Amino acid sequence: MKILFLIRSLDRGGAERQLCLLANALADAGHTVHVCTFYRPGDTLNYLDVLSGTGVCLHDLGKSGRWDVLGFLFRCWRLVSDIEPEVVHGYLPTGNILASFCKLVRPRTRLVFGVRSDVMHLQFYDCIGRFAYWLERRMASIANLVIANSSQGGETYRAYCREVAIIPNGIDTEKFCPNAGAGIAFREQWKIDHDAFLIGMVARIDPMKDHETFLRAAAAFAKRCSNVKFVVVGGGDFQRQQKLQRLADRLGVLSSVIWAGEFDDMPACYNALDLVTLASKGEGFPNVIAEAMACAVVPVVSNVGAVLELVGDAGAVVPVGDADALKKSWFSFHEMTKEDLKAVGAKARDRIGSNFSTDILARESEKILMSLLQKD
């Protein structure tokens, strides 16, 4: 099989990591794999290094900005003409839209949409972002297959595409594993006592992630429990972060919250936590929760996307936007003995290894893509 993946960039992100894992696995299985980004990599961390030397062919279309359209499309057409892929697989809305263009100029190519979220609150995004999500769903009608990482995401696209498959994300449990020493080192970096109860939210600073609910729960929890700290890990909109910090100050919890920014060593970051939380209003399959669970960290997550299937009985799932429910779930784990909390964490890791490994991701993806090629 000759396959071309298209994605806007390979900067930090769960979808970007999943694309790299899948591309590597397919190349290892003997397929010809190409990965193409819109933009050349900048100075920020990206996953191009993960793909280097793996047999995956890397390309970029050298997009100079939002309004570089005609030259960008010409370069894409030329790349597709040179590669002649059997499958073009988009990732995220802009990747899927460009993959649709490839299908139009090369009709025999199988078109696959990669859908990574279930519900998008488009009021939080500009007109270009809203148009991209609208156009992606309409273009799904010409896709041969939509692959979603959650049942809810798949259901959204069944109205647009006849063929929809659900393949959950895969987690590298060798990379993401328990490591108490690494966690202690991170706590020292953050100046957090070894005995403090540490709750972390790992997410980009974005309206969809709903840091407001996290902070309101933190303020209520801190009034009830002493020696507790909270850490917000992730980059994004700096102005929005300042707004969130002002909210934390009004809630009286600013001194208990560490704004840690972005990190490269995420396994060590997860290992520093007692609980990991995601208060999102919408997700597909939240990688940060699965990665933390693989590190034996107990999750408390809002009920979005594939969270129920992911967490199971190895954590807690709460209603979206419910700070009180979030606080109560935190408290239930805070009251456990260290041994009991550790046992829940061990169950979380076992759940990831048994149901959401990279081997399962690669095997299921290869099977459905090969089946697609065998159809007329």
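The values are calculated or read from the model by the stated rules, or taken from the named source; none is laboratory data. Quick caveat: nothing in here was measured; it's all calculated off a predicted structure. Note that we place each Cβ from the backbone using ideal geometry, even for glycine, and neighbour counts take in every protein chain shown. For the accessible areas, the whole protein counts, side chains as well, though only heavy atoms, and no ligand, DNA or RNA atoms are used. Shrake-Rupley method; radii C 1.70, N 1.55, O 1.52, S 1.80 Å.
Tabulated data
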read-out	value
Contour minus Cα-Cα distance for Asp82 and Arg158 (0.36 nm per residue)	24.1 nm
GNM result for the chain, Cα springs below 10 Å: residue of Glu155, Glu136, Glu283 fluctuating most strongly	Glu155
Residue-count net charge about Lys338 - beta-carbon cut-off 11 Å; Lys, Arg +1, Asp, Glu -1	-3
Computed FRET value (nearest 0.05) for Thr54 with Ser354, which takes r as the C-beta separation and R₀ as 30 Å	0.70
Share of pairwise Cα separations in the chain, more than 39 Å, in percent	17
Principal-axis tilt of helix 211-224 within the chain, Cα atoms, nearest 10 degrees	20
DSSP-defined beta bridges in the chain - what % are antiparallel, rounded to 5	5
Net charge dipole size for the chain [Lys, Arg +1 and Asp, Glu -1 on Cβ; Debye, nearest 20]	980
Inter-label distance for Leu70 and Arg106, nm, one decimal - labels placed 7 Å from Cα along Cα-to-Cβ	2.4
Residue order for Lys243, Lys338 - accessible surface, 1.4 angstrom probe, largest first	Lys338, Lys243
Within the chain, helix-based [θ] at 222 nm, where runs of 4 or more DSSP H residues each add -39,500 (n - 2.57), nearest 500	-14000 deg cm²/dmol
Top of Ala143, Ala260, Ala348 by mean-square fluctuation, Gaussian network on the chain, Cα under 10 Å	Ala260
Residues of region 331-354 with amide N under 18 Å of the 7 Å Cα→Cβ point at His194	338-339, 342
Crossing angle, helix 323-334 versus the chain [Cα axis fit, 0-90 degrees, rounded to tens]	70
Rg/Rg_globular for region 254-376, with Rg_globular taken as 2.2 N^0.38 Å and Rg from C-alpha atoms	1.22
Only Lys, Arg (+1) and Asp, Glu (-1) charged, at Cβ; region 181-229 dipole about Cα centre in debye	120
Length released on extending from Ala346 to Ser141, taking residue separation times 0.36 nm less the Cα-Cα span	69.5 nm
Fluctuation leader among Leu135, Leu198, Leu26 - the chain, Gaussian network, Cα springs under 10 angstrom	Leu135
Sites Asp249 and Lys223, calculated FRET efficiency, Cβ-Cβ separation with R0 22 Å, nearest 0.05	0.90
Region 227-376 - percent relative contact order, Cα under 8 Å, separation 6 or more	18
Accessible area of region 332-376 belonging to carbon and sulfur atoms, whole % at 1.4 Å probe	49
Relative contact order (%) - the chain, alpha-carbon pairs under 8 angstrom, separation at least six	15
Rounded tilt (10° steps) of 92-105 against the dominant C-alpha axis of the chain	0
Cα centre as origin, Lys/Arg/Asp/Glu Cβ charges: region 105-221 dipole, Debye	740
Equivalent ellipsoid, region 292-332 (semi-axes from 5 times Cα gyration tensor eigenvalues, Å)	17, 13, 7
